[in-house]
Amino acid sequence: MVKHDPLAAKLSSDAYLGFDFGNKKIGIAVGYADTGIASPLQTLRSVNQVPDWDTIGKLIAEWRPIGLVVGISRQQDGSDNIITPRMQKFCRQLNGRYNLPVHQVDEALTTFAAKQLLFDDLKVSAGKLWAVQDQLAAQLILQSWFDK
């Protein structure tokens, strides 16, 4: 369910959405270029490895981002891994569907870092971890893009 943020209309002129793409789930974060701060937003389930385009479209309509940031996973040597082509396809689909610039950023270990923060530092239960780790990973991806 998409929740309306009363400040979104005032701040949306420089909003970005960040994505942590996975075959089963996609974490989404939102942030603003003027503040350089990203926040976790939502985790979407994919059905048969197909993203929930309806909800992504609703989030784009609500937040009116000027760009999208997607984490891309690669091997340590920089070569593609098994999911890299699917991530790049997701980037092309985002651009084609919403006509927004799609920026790619290295997502090395963001999901691991999110799990570590949630489980070790914040003591989030394993059951709740599943629901929020991807949106926190998306926040880390978007934040790293802002920080560059």
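Readers should treat all values here as calculations from the given coordinates under stated rules, not as data from a laboratory. Computed from a predicted structure; not experimentally measured. Glycine also receives a Cβ, built like all others from the backbone with ideal geometry; neighbour counts cover every protein chain displayed.
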Legend entry - Ordering of 133-146, 64-77 by burial proxy (mean other Cβ atoms within 10 Å per residue, highest first): 133-146, 64-77
Legend entry - Separation in nanometres of the label points that stand 7 Å from Cα toward Cβ, at residue 100 and residue 33: 1.3 nm
Inset, instruction - Report the calculated FRET efficiency for residue 13 and residue 55 (r = Cβ-Cβ distance, R0 = 22 Å), to the nearest 0.05. - result: 0.45
Legend entry - Segment residue 64-residue 84, extension gain: residue separation times 0.36 nm, minus the distance between their alpha carbons: 4.5 nm
